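To start, the structure itself, in structure tokens.
The values are calculated or read from the model by the stated rules, or taken from the named source; none is laboratory data. Keep in mind that what you see is a predicted model, and the values were worked out from it rather than measured. Here the Cβ is made from the backbone with ideal geometry for all residues, glycine too, and neighbour counts use every protein chain on show. For accessibility, only protein heavy atoms count, side chains too; no ligands or nucleic acids. Shrake-Rupley method; radii C 1.70, N 1.55, O 1.52, S 1.80 Å.
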Amino acid sequence: MVNPGSSSQPPPVTAGSLSWKRCAGCGGKIADRFLLYAMDSYWHSRCLKCSCCQAQLGDIGTSCYTKSGMILCRNDYIRLFGNSGACSACGQSIPASELVMRAQGNVYHLKCFTCSTCRNRLVPGDRFHYVNGSLFCEHDRPTALINGHLNSLQSNPLLPDQKVC
């Protein structure tokens, strides 16, 4: 198990040194035949779990993801933070410690989550419309929406991205 964001390799482990390795998850000694190394720590295979779905990460793949203090499987990382880790508006990387806004599967910096017309920032509690990849505040929603010509469009309450599991 390797954390894609970590460049460090596990120190060599010999059979005689296994008895003193401590699990980062439970704190217990690792005397198992197999152990995992992720986030610069050793883990029992049963202890390295996704923070959201609780899947044992050693059983579902060879990588794990970390962001905002969570250890995640690939599916939950993509669900929470999007595919690229880049802002859908500006294309710049989003740091792991930064809160984000999401709409229709896209992820945005807080400062980039703005109305396409007036450029006012949309904040938690605001209502917005998402049309063809563009965000609109309630005041600037497209005229076709007001006249009922866009069937598939929905208004959504805006919530900040927190741990959503």
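A few notes on this one:
- Solvent-accessible surface (1.4 Å probe) assigned to Cys87 amounts to roughly 10 Å².
- Label-point gap, in nm, between Cys118 and Arg74 - each point 7 angstrom along Cα→Cβ: 4.3 nm
- Loop-located trypsin sites (Lys or Arg not before Pro) in region 38-79 (DSSP state other than H, G, I, E, B) with a sparse environment of at most 15 neighbouring Cβ atoms within 10 Å: Arg46.
- Summing charges over neighbours of Cys26, with a neighbour being any other residue whose Cβ is under 15 Å away from its Cβ, gives +4 when K and R count +1 and D and E count -1.
- Across region 85-145, the convex hull enclosing all Cα atoms gives 81 Å³ per residue.
- Solvent exposure ordering (accessible area, 1.4 Å, most first) of Asp32, Asp40: Asp40, Asp32
- Neighbourhood net charge (10 Å Cβ-Cβ; Lys/Arg +1, Asp/Glu -1) for Tyr65: +1
- Backbone HN-Hα couplings from phi across region 41-50 [Karplus 6.51/-1.76/1.60, Hz, Gly and Pro as x]: 9, 9, 9, 5, 4, 6, 9, 7, 10, 5
- When Leu110, Leu99, Leu36, Leu80 are compared by accessible area of protein heavy atoms, the largest-first order is Leu99, Leu110, Leu36, Leu80, using a 1.4 Å probe.
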